[in-house]
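Report on the following structure.
The values are calculated or read from the model by the stated rules, or taken from the named source; none is laboratory data. Bear in mind the structure is a predicted one, so any value in this text is a computation, not a measurement. Every residue, glycine among them, receives a Cβ derived from its backbone with ideal geometry; neighbour counts consider all protein chains shown. The area values use the complete protein model at the heavy-atom level, side chains included, leaving out ligands, DNA and RNA. Shrake-Rupley method; radii C 1.70, N 1.55, O 1.52, S 1.80 Å.
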Amino acid sequence: MKVQCDSCKAVFNVPDEKLPQDQVVKIPCPKCKDPITVDTRAKPAEEPGLQVDEDPDAAALDFVEEGVKIALICSENSDIQAKSRAALEGMDYRVFNSTNLKDAMTKIRYHHFDVVILDEKFSGEDHRSNAILRFFMPMPMSTRRRMFLALVGNDFRSMDNMTAFSLSVNVVVNTNDLDQMDKMFYK
């Protein structure tokens, strides 16, 4: 059974035989030690005729093993996607793309990404109107410090620490420097 910690958003696979059947139990999260509530009671069957469109990336995220580094690229720009993917895969990340706000927010809320590459124009005109960036800015430091957030844009000077600090990201990258992105990230 797949369980997720509400506090740190870590996802774990717990063998069904290790959980008591038809009960609601609390187990401590292996990462943050907060209690995780697990309900093993039988679920009602889905109504016939109800179809849910599955996102292949979302389904793949359900099966990421513990210890695998995962990254999310939030961009509609194919050049940013391709160069970011190449850099991240070269650092042994399993990479997922998101090309719309709804998909990105769903993935971010239900999975802990080690790295998020965010195009400043994703879901907005610039970084000031970027909904994903606004989601990360007020995030508690205890959660935020476990991920690396890179903001990509045309007007940034790569590795400008003051700009990165003011925007609550780890690094800013100019789109002209995407080929050098692997040198800007921690490994």
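Values for this structure:
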| item | result |
| --- | --- |
| Calculated from backbone phi, Karplus (6.51, -1.76, 1.60) coupling profile of the range 113-127 in Hz, x at Gly/Pro | 8, 6, 9, 10, 9, 10, 6, 4, 8, 5, 6, x, 7, 7, 5 |
| Extension gain, Ser166 back to Arg144 (0.36 nm per residue minus Cα-Cα distance, nm) | 6.4 nm |
| Ellipticity estimate at 222 nm from DSSP helix runs (n ≥ 4, -39,500 (n - 2.57)) divided over the chain, nearest 500 | -6500 deg cm²/dmol |
| Over 30 Å [Cα-Cα, the chain], rounded percent | 27 |
| Under Karplus coefficients 6.51, -1.76 and 1.60, residue-wise ³J(HN,Hα) of the range 139-153 in Hz, glycine/proline x | 4, x, 4, 4, 8, 5, 5, 8, 9, 10, 10, 10, 9, 10, x |
| Under-5 Å amide H pairs with Leu72, H placed in peptide plane, nonlocal only | Phe96, Val115, Val116, Ile117 |
| Lone cysteines, the chain (no partner Cβ under 4.7 Å) | Cys74 |
| Proximal lysines relative to Lys33, as straight alpha-carbon distance under 20 Å, when same-chain residues fewer than 8 apart are discounted | Lys2, Lys9, Lys18 |
| Cα long-axis angle, helix 101-110 against the chain (0 to 90 degrees, to the nearest 10) | 50 |
| DSSP bridge pairs, the chain: antiparallel proportion in percent, nearest 5 | 30 |
| Alpha-carbon centroids, the range 96-110 and the range 112-187: separation in whole Å | 16 |
| Residue-normalised accessible area of the chain, given per residue in Å² at a 1.4 Å probe | 59 |
| Degrees separating the helix 78-90 axis from the principal Cα axis of the chain, which is the longest one | 70 |
| Efficiency of FRET between Asp39 and Thr99 - r from beta-carbon atoms, R0 45 angstrom, step 0.05 | 0.85 |
| Candidate lysines for bridging to Lys121, where Cα separation is under 22 Å - those fewer than 8 sequence places away on the same chain excluded | Lys83, Lys102, Lys107 |
| Prolate/oblate/rounded label for the range 84-187 (Cα gyration tensor, a/c 1.5) | rounded |
